[in-house]
Amino acid sequence: MYEVTVEPTGDVVEVEEGQTILDAALRQGVWLPFACGHGTCATCKCQLVEGDVDLGNASPFALMDMERDEGKILACCATPESDLVIEADIDVDPDFLGYPIEDFRATVVAIDDLSPTIKGVRFELDHPIQFQAGQYINLQLPGVEGARAFSIANKPSNNTVLELHVRRVPEGAGTGYIHDTLQVGDTLDVSGPYGQFFTRKSAPEDLIFIAGGSGLSSPQSMVLELLEEGDSRNITLLQGARNLGELYNRELFEQLAAQHANFSYVPALDNPLPDDEWGGFTGYVHEAAIAHFDGKFNGHKAYLCGPPPMIDAAITALMQGRLFERDIYMERFLTAADGAEGAAKSGLFKKI
């Protein structure tokens, strides 16, 4: 067991042999900035002030040789080899609740086909989980190396269940197992919550959610929670899909829009099939946002969740419509195939 002192806060974290600094800190309720959790994004970069570490499998893109020589480490990969002092750039949002990471045993109670490529998986947990809408969990799958991250789709008040939306990734071992092998009654190990994607409830601005594919999961959780709590701000959800078959949970959001005067739902298909008989917006979801708001986004907070191309297109549209970095939050859905280049931060942003 090693002690890691985190400056400038002075927090002391106990780290077991072979455990990463980030994992130990989050489990003990000590916040360190992070995003990807596997050494490719550099969000958790810290300065080693005292002691020795094993740098682990940090990507050379995220931690360059020059930085290693200067004593930089990635907290998500580094394991202590002595007691340490590290210096981290800690800037915690006042709306972040910082729930500690816990381990759970999760039993599959339902598996549904949400679309031809996305399954909805529902788990019952062995004890309640505390999380903020928008956060994610790590799932351990039999025979699959490493944990797989999935955003939580249910609202936090349903704290003994987990609802996940899992898109099949071509040749993806984790998503392939869930789509082809996982069955009701199976039990899996889960840890969480993770992530810095959450609603800023103290902010007065109206809310825009833009989702693509299985990226709907986090916005679904966020919208459900806001409506349950009676949030009075105007809330708009824009959901993008290729065709009608991929536009899942449409009925849920249409029903919510009919029940709540401050909630609007805008679905968009960029390649509808002839049999879809689609009468809604045709085009990409960021184009639907431009049309719905007449290209003017100032006075809002925007939350984006989906594949990197959708995120980048939405950022460009929002910024052209006078919404800037401080009011845009995002969660990119990356796979192992995306690699270090895909995990890099948007060139439009200094930090995410």
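The values are calculated or read from the model by the stated rules, or taken from the named source; none is laboratory data. No experiment lies behind these values; they were computed from the predicted model shown. With ideal geometry, Cβ positions are generated from the backbone for all residues, glycine too; neighbour counts draw on all protein chains shown. Protein only, heavy atoms only, side chains kept; ligands, DNA and RNA dropped before computing areas. Shrake-Rupley method; radii C 1.70, N 1.55, O 1.52, S 1.80 Å.
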- Kindly indicate the residue of the stretch 110-137 that is part of a strand (DSSP E or B) and touching a Lys or Arg at 6+ places or on another chain (Cβ under 7 Å) and also most open to solvent (accessible area, probe 1.4 Å) among those meeting that condition. Asp113
- Task: Hey, can you tell me all the residues within the stretch 59-82 that are part of a loop (DSSP other than H, G, I, E, B), under 12 Å from Ala42 (Cα atoms) and either open to solvent by 10 Å² or more (accessible area, probe 1.4 Å) or not small (Gly, Ala, Ser) (or both)?
- Result: Ser59, Pro60, Phe61, Leu63, Met64, Cys76, Cys77
- Task: Residue by residue through the stretch 124-140, note down the ones that are closer than 26 Å to Met330 by Cβ and out of contact with any Pro (no Cβ under 9 Å at 6 or more places or on another chain).
- Result: Asn138, Leu139
- Residue check, Arg27 against (1) modelled with pLDDT of 95 or more; (2) within 23 Å of Phe96 (Cα to Cα); (3) of a type in the set (Lys, Arg), all met but one. Which one? (1)
- Query: Residues of the stretch 202-223 being under 13 Å from the mean Cα position of the chain (by Cα) and not small (Gly, Ala, Ser), which ones?
  - Reply: Leu216, Pro219, Gln220, Met222
- Message: Please verify whether Ile178 is in a helix (DSSP H, G or I), open to solvent by less than 10 Å² (accessible area, probe 1.4 Å) and either more than 20 Å from Phe253 (Cβ to Cβ) or in contact (Cβ under 8 Å) with a residue 40 or more places away in the chain (or both), treating the condition exactly as stated.
- Response: yes
- Condition set open to solvent by less than 50 Å² (accessible area, probe 1.4 Å) and assigned to a loop (DSSP other than H, G, I, E, B), scope the stretch 138-154, selection farthest from Phe209 (Cα to Cα): answer is Val144
- Task: Would you check if there is a residue in the stretch 143-152 being of a type in the set (Lys, Arg), more than 14 Å from the chain's Cα centre (by Cα) and not assigned by TED's automatic domain parsing to the domain that holds Asp270?
- Result: no
- Query: Taking the stated definitions as given, is Asn243 in the same structural domain as Thr316 (by TED's automatic domain parsing), out of contact with any Pro (no Cβ under 7 Å at 6 or more places or on another chain) and polar (S, T, N, Q)?
  - Reply: no
- Query: Can you find even one residue in the stretch 83-90 that is of a type in the set (Asp, Glu), surrounded by fewer than 19 Cβ atoms within 10 Å (Cβ to Cβ), within 30 Å of Val6 (Cβ to Cβ) and under 17 Å from the mean Cα position of the chain (by Cα)?
  - Reply: no
- Looking only at residues in the stretch 228-256 that are free of Cβ contacts under 8 Å to residues at least 12 places away in the same chain and more than 30 Å from Pro274 (Cα to Cα), which one is most open to solvent (accessible area, probe 1.4 Å)? Glu229
- Message: Within the stretch 181-203, does at least one residue satisfy the condition of being open to solvent by 20 Å² or more (accessible area, probe 1.4 Å), touching a Leu at 6+ places or on another chain (Cβ under 6 Å) and outside the structural domain of Lys301 (by TED's automatic domain parsing)?
- Response: no
- Here the residues within the stretch 281-298 that are open to solvent by 30 Å² or more (accessible area, probe 1.4 Å) and out of contact with any Asp or Glu (no Cβ under 6 Å at 6 or more places or on another chain) are Phe281, Thr282, His286, Glu287, Ile290, Ala291, His292, Phe293, Asp294, Lys296, Asn298
- Only one of (1) open to solvent by 10 Å² or more (accessible area, probe 1.4 Å); (2) under 22 Å from Gly37 (Cα atoms); (3) out of contact with any Lys or Arg (no Cβ under 7 Å at 6 or more places or on another chain) fails for Gly215. Which number is that? (1)
- Query: Looking at the stretch 40-49, is at least one residue more than 19 Å from the chain's Cα centre (by Cα), closer than 25 Å to Pro308 by Cβ, crowded, with 17+ Cβ neighbours inside 10 Å and not basic (Lys, Arg)?
  - Reply: no
- Message: With the structure loaded, tell me whether Leu63 is modelled with pLDDT under 95 and touching a strand residue (DSSP E or B) at 6+ places or on another chain (Cβ under 6 Å) or whether it fails that test.
- Response: yes
